[in-house]
């Protein structure tokens, strides 16, 4: 590239300005990386959340503000179980914030005979029976120092711990299962469920089943894959859209910052661009030169921003108190996207200044000196 | 490489109501060194800029080697391939060292890194700065900076050098050095040079001089006329 060496030299010439411009870009990129990482983490968590046990589909109330606020009638089960292609359906009640020492832990009310609990692997004890009993995930048990025979307090009810399990899903290993009837009592939702987990029959395609169920039950949302998880709650959609808006704002601020700095730089260096034109640099070459400067500045910022973003994602999750649910997931694709965005900011931000630089009249500028 | 032939015919440059160059015609033969004299504001700089395609005339034509350069679509290419500019101020980029400054036109020509280094070292050697390749402009004297600027003008081996007050910002000793240098380079390569200067000794340094008064060419060729105009 023709303009890299002089562009680097120009950036070194004003280290303070280069640093501040890069910092502005870095903050924008850091915001993007943090949001992408938290979003990916939330999506991973949602993926686990909506794929409880061996379920293929999760049914939620349509337009619920949050998956945990979804309410479905238990009577729906009868119809579902008679629907061709559905092998099993089991209700689930979600209790959030009812374990005081661990407010992030979720208590699942489930039917002991339902297919969801078949995958629990007990490291000690056994499945709960009916009544005031619970089985606890090994992660929660470790945090609360619980053992079989001990008690777990859920919404002021002291439940006997009959077993400690491990299933490999963070939400469940960090939570507990109780009988469905007990959860319905605690939540005051008699004959209701938060969600219904559905297992499809062999040969039934999830997409086709989703279409069928959506048509058959207009008031429900069917979640088939983790990527569709945000559809289950208006809050998740709001969060997703807010993240997008913040990312766009960060991009705009970064782009305007680069443009402003590059414009100042071009105005200050009119004599330099006039000279380049006089010694034979074409307008295209001068444009390249300015854009390379912009891209180098933003790349520098982007690299710092990646680091800030990874750290910022952890801080953001902690600030939101969501570390129990969400582990920020920084993917290579997210970092690559952020770098690409950094380059785009540099190019877009430098376009107008580059155009101005290419239009500098050497006759006027050099004659003035 | 032989110098360029420059033919200027009925050249006029007006800025609004002000006519800076008024119906000027002359020819410079290949290898010739022509001085351009005249008071400040007489149009010397504008005339050089027009010949070098830094500006465009209102009327008239300029031909370089019979090629009309008056309204070029890509004037930068013409400058790159044919013209070397030397200005009163050196206009060196402060963040680049001497060699990197000389390489600027070679970068535009997209020469390889090795070829750029070879050419820049060669011309810096010609102007007596072969041992100051990596020196920053701030570390060079005024005369040395102007020599680097001359090396930059020579780097592309131009057929035409346009020098606008090349010694205007130098002391007498440095001026003498620069004049000697320019004369030597022009003689060695057969380059055509048009040089604008207030230097009273200009006539002694050129083949002939052109005198501009208020944008008009009032004397063409005779030393005596030019000396009278300067005095």
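Data overview
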| read-out | value |
| --- | --- |
| Top-ranked residue in region B:177-197 [being more than 17 Å from residue B:4 (Cα to Cα) and surrounded by 15 or more Cβ atoms within 10 Å (Cβ to Cβ); ranked as farthest from the chain's Cα centre (by Cα)] | B:177 |
| Every residue from region B:1-29 that is farther than 14 Å from residue B:47 by Cβ and touching a helix residue (DSSP H, G or I) at 6+ places or on another chain (Cβ under 7 Å) | B:1, B:4 |
| Of all residues making up region B:11-36, the number that are more than 15 Å from residue B:69 (Cβ to Cβ) and over 14 Å from the mean Cα position of the chain (by Cα) | 16 |
| Condition met for residue B:80 (at pLDDT 90 or above, more than 11 Å from chain A (Cβ to nearest Cβ) and within 18 Å of the chain's Cα centre (by Cα)) | no |
| Helices (runs of 4 or more DSSP H) wholly inside region A:121-222 that include at least 2 residues being closer than 18 Å to residue A:70 by Cα | A:180-187, A:206-216 |
| Test: residue in region B:62-76 that is within 11 Å of chain A (Cβ to nearest Cβ) and buried (at least 19 other Cβ atoms within 10 Å of the Cβ) | yes |
| Residue under evaluation residue A:325, criteria (1) at pLDDT 85 or above; (2) outside any helix (DSSP H, G or I), criterion not met | (1) |
| Extreme residue, farthest from residue B:48 (Cα to Cα), among residues of region B:152-175 that are surrounded by fewer than 23 Cβ atoms within 10 Å (Cβ to Cβ) and at pLDDT below 85 | B:173 |
| Qualifying residues in region B:83-96 (those that are part of a loop (DSSP other than H, G, I, E, B) and touching a helix residue (DSSP H, G or I) at 6+ places or on another chain (Cβ under 8 Å)) - the one modelled with the lowest pLDDT | B:95 |
| Hits in region A:349-364 - residues which are surrounded by fewer than 17 Cβ atoms within 10 Å (Cβ to Cβ), within 13 Å of residue A:281 (Cα to Cα) and within 11 Å of another protein chain (Cβ to nearest Cβ) | A:361 |
| Number of the exception - residue B:43 against (1) within 13 Å of chain A (Cβ to nearest Cβ); (2) surrounded by fewer than 24 Cβ atoms within 10 Å (Cβ to Cβ) | (2) |
| Search result, residues across region B:98-114 that are in a loop (DSSP other than H, G, I, E, B), at the interface with chain A (Cβ under 9 Å from one of its Cβ atoms) and under 24 Å from residue B:185 (Cβ atoms) | B:103, B:109 |
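The values are calculated or read from the model by the stated rules, or taken from the named source; none is laboratory data. For clarity, every value in this text was computed on a predicted model and none was experimentally measured. Quick reminder, even Gly has a Cβ in these numbers, built from the backbone with ideal geometry, and neighbours come from all protein chains shown.
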